[in-house]
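K.L.:
What follows is a single structure, and I will ask about it in a moment.
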Amino acid sequence: MRRVDPFDLPDWLGEEEVTWSADAGLRTGHAVPGRLSGSGHQPVPCDLLAVDVAYPRPVADQDVRHDAHQAWRHGQVLLVRPSDRLTLAVPGTRFTADLALDALARLAKAVGASPDRYSVLLRIGADGARLP
């Protein structure tokens, strides 16, 4: 997973109203796909990843897990790009609404925005459901 510098993200993420919309329910597991959108801008794919899942295989290597925990401890969130999608690497094994909100608030701070300018549209999802 490549690290992402928040200053390499589109400027509008730090300057305008932004909405993160989940493409799947929080109960789907350790990975929640979504996107960041703002008026007049192309959406930015942005996923949530709980990095402590280790079974049946680890979802993140030890360095990423360490860095995600360290960033979280300091009030930040680790931004990575495992493929072509921005991903917020978060300590844990699954997401709650509070954890998702906290991760997005930390992203807002990382790009120099007030968390008050960010909104989050969650999907509930079925417990244990798999992504398509």
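The values are calculated or read from the model by the stated rules, or taken from the named source; none is laboratory data. From a predicted model like this one, the values you see are computed outputs, not experimental measurements. Note: ideal-geometry Cβ built from the backbone for every residue, glycine included; neighbour counts use all protein chains shown.
K.L.:
Output the residue which, of all residues in the range 95-132 that are of a type in the set (D, E, K, R) and modelled with pLDDT of 95 or more, is surrounded by the most Cβ atoms within 10 Å (Cβ to Cβ). So that I can check it myself, show each step before the final result.
P.N.:
First, pick out the residues of the range 95-132 that are of a type in the set (D, E, K, R): 98, 102, 106, 109, 116-117, 123, 127, 130.
Still in the running and modelled with pLDDT of 95 or more: 98, 102, 106, 109, 116-117.
Working: D98: 8, D102: 16, R106: 20, K109: 17, D116: 9, R117: 15.
Going through the qualifying residues, I end up with R106.
K.L.:
For the range 82-123, what are the residues that are touching an Asp or Glu at 6+ places or on another chain (Cβ under 7 Å) and among the basic types (K, R)?
P.N.:
Residues satisfying the conditions are R85, R117.
K.L.:
Which one is farthest from Y118 (Cα to Cα), of the residues in the range 27-46 that are touching a Gly at 6+ places or on another chain (Cβ under 6 Å) and buried (at least 19 other Cβ atoms within 10 Å of the Cβ)? Don't jump to the end; show me each part of the working.
P.N.:
As a first pass, look at the range 27-46 and keep what is touching a Gly at 6+ places or on another chain (Cβ under 6 Å): 27-28, 46.
Filter again for buried (at least 19 other Cβ atoms within 10 Å of the Cβ), leaving 28, 46.
Details: T28: 23, C46: 14 Å.
Here the answer is T28.
Condition check ((1) buried (at least 18 other Cβ atoms within 10 Å of the Cβ); (2) closer than 17 Å to L101 by Cα; (3) free of Cβ contacts under 8 Å to residues at least 60 places away in the same chain) across all residues:
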residue	(1), (2), (3)
T19	no, yes, no
Q62	no, no, yes
H66	no, no, yes
W72	yes, yes, yes
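K.L.:
Across the range 28-39, which residue is farthest from the chain's Cα centre (by Cα) among those that are more than 14 Å from E17 (Cβ to Cβ) and not in a loop (DSSP other than H, G, I, E, B)?
P.N.:
The residue in question is T28.
K.L.:
Taking only the range 28-70 into account, find how many residues are closer than 20 Å to A105 by Cα and in contact with a Lys or Arg (Cβ under 8 Å, 6 or more places away or on another chain).
P.N.:
10
K.L.:
Please find, within the range 9-27, the residue that is nearest to R65 (Cα to Cα) out of those that are of a type in the set (A, V, I, L, M) and assigned to a strand (DSSP E or B). Before you say what the answer is, go through the steps one by one.
P.N.:
The first filter runs over the range 9-27 and keeps only residues of a type in the set (A, V, I, L, M), leaving 9, 13, 18, 22, 24, 26.
Keeping just the survivors that are assigned to a strand (DSSP E or B) gives 18, 22.
Values: V18: 27, A22: 23 Å.
Filtering the range 9-27 for residues that are of a type in the set (A, V, I, L, M) and assigned to a strand (DSSP E or B), the one nearest to R65 (Cα to Cα) comes out as A22.
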